[in-house]
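As structure tokens, the structure follows; a few thoughts come after it.
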Amino acid sequence: MAKLSLLEKIFSITNKGIFKVITILGFSIKIDQTQKYKKICKTLSINKNKIVFENFKGNSYGCNPKYITEEIIKRKLPYELVWIVKSVTKEKEMGNFPPEVRLVSRGGVEALKELSSAKLWIDNQRKIYYLRRGLEKKDSQYYIQTWHGSLGIKKVGLDSPLSNVENEWIPFGKQDAEMIDYIISNSDFETNVFKTNFFGQGNIKPWGHARNDIFFKNTEEIDSIKSKIRKFYNIPENKKIMLYIPSFRDNFNLECFNIDTQMLKIALNRRLGGDWVIAIRMHPHLKKYSTELFNFSETVIDTSYYPDIQELLVSSDGAITDYSSCIFDFMLSKKPAFVFATDIKDYNTDRGFYYPLESTPFPVATNNEKLEQNILNFDNEKYQKEVALFLKDKGCVEDGHASERIVDLIEKIMKDEV
């Protein structure tokens, strides 16, 4: 480590988020740069061909923004595609993004500049991070909110009991909602949730989620994705894949992830046949704990760092979750799915459910013994009927053409035809 000069020991200036920190003789002063950022952003003119995307607060190339980007590239549209990511260096090393996309770091003022000069924003999370840093939407800009759930059972936003506790976000959430021009829904159920969750703002388009188009691809395309996943994780072709995708606990409780993977492999073999690999997909907030929670091997593998969960879902032969909404994406594949949730009562109290877990097509277990019974007693004919009834009851509109509809709208926006 290089030694600090005498001047550096006496005086230093560093940037930490929205603050400039000036340190003199060990004493620090924080200067809020929000107003400075606002002035910079206001001076920037709009690039009428630029679209700025973000996925889960800078988490790599995935979810709805990815599949909208893919459709734009497929059509060879003349847009400047910018993605905000946590680490440009890391993403370039991993090579997840297509060459048509330009990357920018989330942490500094550059992301604010890109947003302030873009014609269109596309995101699946609220833009509270940027609002805190002085982001202001201009009259000639548009904002499409795709969200990231899907027929989700967990209460969100103002519907959740957490909104009474963590109410600091509410003014920013309202400000974010007021900026939204279009919200993408995949069902009557979601549309009704969004009316509350986004404070009654935004034009809701019931078009389906772009990320779910993957379940409607032809056999050849799906087989190609499956081969890609198997090659990436060195999974033999003769092995079946069960994807375990638990959700995040606001209290960071890790005891609820005590699924018995050995029992799981045996029960799956007895009821559904074949040899199984258990693929663990931890929530982004918890993936750093995956090696503490599970003993990984050739038949229990960690897929927590794979960038696109949709490719994992479409490649799996079954899925297990507690409360993650991605199980409702997986439902579209009509493959077996189960619920393993050891803390239903506490979770319902803390977070809240829109409807009982027992009303879903998925057999529910609160312990490993019940999960084993549910697998051994799995009735596929009954399951298929219940999936169809559930999707109909929720008014699901998924048909594999969501990306096309959204990009049709984008073309109109970019031509000022909306």
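Among Gln145, Gln201, Gln373, whose mean-square fluctuation peaks in a Gaussian network model of the chain (Cα, cutoff 10 Å)?
Of Gln145, Gln201, Gln373, the most mobile in the Gaussian network model is Gln373.
Using the alpha-carbon centroid of each, what span in Å lies between the stretch 353-418 and the stretch 253-326?
Cα centres, the stretch 353-418 to the stretch 253-326: 19 Å.
Give me the percent of DSSP beta bridges within the chain that run antiparallel, rounded to the nearest 5. Can you show the working numbers first?
Details: 14 of 56 bridges.
Among the beta bridges of the chain, antiparallel pairing accounts for roughly 25 percent.
Which of rounded, prolate, oblate describes the stretch 216-393, given a ≥ b ≥ c as roots of the alpha-carbon gyration tensor eigenvalues and a/c under 1.5 marking rounded, otherwise prolate only if a/b is larger than b/c? Mind showing how you got there, number by number?
Values: a/c = 1.38, a/b = 1.12, b/c = 1.23.
Rounded is the answer for the stretch 216-393, as its axis ratio a/c remains below 1.5.
Where does helix 169-179 land angle-wise versus the long Cα axis of the chain, in degrees 0 to 90, nearest 10?
80
Out of all Cα-Cα pairs in the stretch 48-154, roughly what percent, to the nearest whole number, are more than 21 Å apart?
Above the 21 Å cut-off, the stretch 48-154 has 31 percent of its Cα pairs.
Which ³J(HN,Hα) values, rounded to whole Hz and listed in residue order, are derived for the stretch 198-206 from phi using the Karplus coefficients 6.51, -1.76 and 1.60 in 6.51 cos²θ - 1.76 cosθ + 1.60 with θ = phi - 60°, glycine and proline given as x?
So the J values, rounded to whole Hz, are 10, 6, x, 9, x, 8, 7, 10, x.
Expressed as a fraction of 2.2 N^0.38 Å, the rule-of-thumb size for a compact globular protein of N residues, what is the C-alpha radius of gyration of the stretch 337-412?
Details: Rg = 17.1 Å, N = 76, 2.2 N^0.38 = 11.4 Å.
Taking N as the residue count of the stretch 337-412, the ratio is 1.50.
Show me, for the stretch 38-55, the HN-Hα J-couplings you get by feeding each phi into the Karplus relation (A = 6.51, B = -1.76, C = 1.60, θ = phi - 60°), rounded to Hz, glycine and proline as x.
With the stated coefficients, the stretch 38-55 comes to 4, 5, 4, 5, 5, 7, 7, 7, 7, 8, 5, 10, 9, 10, 10, 10, 8, 10 Hz.
Per DSSP H run of n ≥ 4, the term is -39500 (n - 2.57); total these for the chain, divide by its residue number, and report the mean residue ellipticity at 222 nm rounded to 500 deg cm²/dmol.
Helices in the chain give a 222 nm mean residue ellipticity of -10000 deg cm²/dmol.
How about Lys154: which lysines have a C-alpha closer than 23 Å to its C-alpha, ignoring those fewer than 8 places off in the same chain?
Reachable lysines: Lys57, Lys127, Lys174, Lys195, Lys205, Lys287, Lys334, Lys335, Lys345, Lys370, Lys392, Lys394.
What ³J(HN,Hα) values, in whole Hz, does the Karplus curve 6.51 cos²θ - 1.76 cosθ + 1.60 give for the stretch 139-149 when θ = phi - 60°, with x put for Gly and Pro?
Each residue of the stretch 139-149 in turn: 4, 8, 9, 10, 9, 9, 9, 9, 6, 10, x Hz.
Roughly what would the spin-label model give for Asn59 and Gln35, points 7 Å off Cα along C-beta, in nm?
Taking the simple label geometry, Asn59 and Gln35 are separated by 3.7 nm.
Taking amide H positions as placed 1.01 Å from N in the peptide plane, with prolines and chain starts having none, which residues 5 or more places from Ala279, or on another chain, fall under 5 Å of its amide H?
Those lying under 5 Å, H to H, from Ala279 are Met242, Leu243, Tyr244, Ile301.
Every read-out reported here was derived from the displayed coordinates using simple, explicitly stated rules and does not represent laboratory data. Just so we're clear, the structure is a prediction, and the values are computed from it rather than from any experiment. Please note: Cβ atoms are built from the backbone with ideal geometry, for glycine as well, and neighbour counts cover all protein chains shown.
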